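The values are calculated or read from the model by the stated rules, or taken from the named source; none is laboratory data. For clarity, every value in this text was computed on a predicted model and none was experimentally measured. Note that each Cβ is placed from the backbone with ideal geometry, even for glycine, and that neighbours are counted across all protein chains shown. To get the accessible areas, we keep the full protein, side chains included, count just its heavy atoms, and leave off ligands, DNA and RNA. Shrake-Rupley method; radii C 1.70, N 1.55, O 1.52, S 1.80 Å.
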Amino acid sequence: MARIIVVTSGKGGVGKTTTSAAIAMGLAKKGHKTAVIDFDVGLRNLDLILGCERRVVYDFINVINGEASLNQALIRDKNCNLLYILPASQTRDKDALTHEGVGKVLDELSKDFGYIVCDSPAGIEKGANLALYFADDAFVVTNPEISSVRDSDRMLGILSSKSRRAERNEEPIKEYLLLTRYDADRVKLGEMLSLEDVQEILSLELLGIIPESKSVLSASNAGIPVILDEKSEAGQAYADVVARYLGEKLPHRFIDGKKGFLRRLFGGRK
C-alpha cells in the first residue's frame, strides 16, 4: 500500500506546490514510484512547476467522473520515469471533487505506487479537506511570519480531528514542519520569526528549513522542480527533507540566528 502525504498550510503563497513537486521528485529519484496529485481545482499550477502543462489531456475530475481512466490522465515526468502527475482541472468547480471519487482514485493509485503526494489548496475549503482526509503523513508548510504560523496552527486541529485515521481510531496522521522562505539575516534583525519562535507555537517535528532563494522562482519558471538544482541551497534543502523523511539522520542546515521577533517581544524559555 502507498503512503499518502498531504502538503498543506493554512495560508496561501507559502510554497506548497513548489514543495509538493520537490518532494515527489525527490522520492522518485530515490527509487520510489511516486504520484503527485493537484487538488487545487480551478487553478492548477502543479503542471507548470513540473513542466508538463502542454501534455495535459485529461485531469483529476475527468477520472472522478468516469470520463477518462487513471492511466489516461496520469502524465509521466520527463525527468524521472518513476514520477507521475495527476493534474487538476482548470474549468471545473471545486465541488466536482467528491469524497467517494477521491477515495477511489487514491485506492487505485495505492495498488501501484509507493508514495502519493497530495498538493493541497490553502485553508479549509473542500479540496483541502479531502486532500488531508486520506493522509498518512502531513507536511505542514509555513513561512516565518506570524499570520502564516497562526493559520498553520489552525490546520493542525483539522488534521487531528477530521481525518480518516481519526474516524477509525487509528494512529494519528504523522505531522512534520517544513519552514520555507527562511532568511537567517532577517531573523537576526528581528524582521522574521526564528525557527525557535515557530517551533514554540507549532510544536512539530522539524523536517526541513528551505532558505529564501532566487533559484526557486527560476526553477518554477523553467518548469523544473528546484530539488533538481543541486547547486542551489533550496535544492539541497529539499533533498535533505526527502532523506530525513525516508529515515536518514541529517543535521539541519541554513539556520543561523537564535532569537527572533516573538522572543524579543514576549520573552520565552531560556
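May I ask you to list the residues in the range 27-56 that are farther than 15 Å from Ala219 by Cα and either touching a His at 6+ places or on another chain (Cβ under 9 Å) or without any contact (Cβ under 8 Å) to a residue 40 or more places away in the chain (or both)?
Arg54, Arg55, Val56
Quick check on my filter: what residues within the range 213-231 are in a loop (DSSP other than H, G, I, E, B) and out of contact with any Ser or Thr (no Cβ under 7 Å at 6 or more places or on another chain)?
Within the range 213-231, Gly223, Ile224, Pro225, Glu230, Lys231 qualify.
Here is a check on your reading of the model: is Gly268 under 20 Å from the mean Cα position of the chain (by Cα) and either outside any helix (DSSP H, G or I) or at pLDDT 90 or above (or both)?
Spelling it out, it is not the case that Gly268 is under 20 Å from the mean Cα position of the chain (by Cα) and either outside any helix (DSSP H, G or I) or at pLDDT 90 or above (or both).
Rundown of residues vs (1) over 18 Å from the mean Cα position of the chain (by Cα); (2) open to solvent by less than 10 Å² (accessible area, probe 1.4 Å); (3) of a type outside the set (Gly, Ala, Ser), yes/no style:
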site	(1), (2), (3)
Val140	no, yes, yes
Arg150	no, no, yes
Leu156	no, no, yes
Glu167	yes, no, yes
Thr180	no, yes, yes
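Out of Ser232, Ser194, Ser218, I need the residue that is small (Gly, Ala, Ser), over 29 Å from Asn45 (Cα atoms) and at pLDDT 90 or above. Which one?
After ruling out the rest, the residue left standing is Ser194.
Determine if the range 57-66 includes at least one residue that is surrounded by fewer than 16 Cβ atoms within 10 Å (Cβ to Cβ) and closer than 17 Å to Val141 by Cα.
no
Sort out which residues of the range 225-245 are touching a residue at least 60 places away in the same chain (Cβ under 8 Å) and either open to solvent by 60 Å² or more (accessible area, probe 1.4 Å) or hydroxyl-bearing (Ser, Thr, Tyr) (or both), and write them in order of number.
Listed by number, the residues that qualify are Tyr238, Tyr245.
What do you reckon, is Ala166 under 26 Å from Gln236 (Cβ atoms) and either of a type outside the set (Lys, Arg) or out of contact with any helix residue (DSSP H, G or I) (no Cβ under 6 Å at 6 or more places or on another chain) (or both)?
Taking the combined requirement at face value, the residue does not satisfy it.
Can you find a residue that is within 28 Å of Ser110 (Cβ to Cβ) and crowded, with 23+ Cβ neighbours inside 10 Å anywhere in the range 187-202?
no
List the helices (runs of 4 or more DSSP H) that sit entirely inside the range 97-184 and contain at least 1 residues that are without any contact (Cβ under 8 Å) to a residue 12 or more places away in the chain.
In the range 97-184, the matching helices (runs of 4 or more DSSP H) lie at 99-110, 146-161, 164-167.
Exactly one condition in (1) open to solvent by 40 Å² or more (accessible area, probe 1.4 Å); (2) within 15 Å of Asn79 (Cα to Cα) is false for Met25; which is it?
Exception for Met25: condition (1).
Looking only at the range 205-218, filter to residues that are under 18 Å from Leu246 (Cβ atoms) and in contact (Cβ under 8 Å) with a residue 60 or more places away in the chain; which one of those is surrounded by the fewest Cβ atoms within 10 Å (Cβ to Cβ)?
Only one residue tops the list, namely Leu207.
Inside the range 23-80, can you point out the residues that are at positive phi and of a type in the set (Val, Ile, Thr)?
If the condition is that a residue be at positive phi and of a type in the set (Val, Ile, Thr), then no residue fits.
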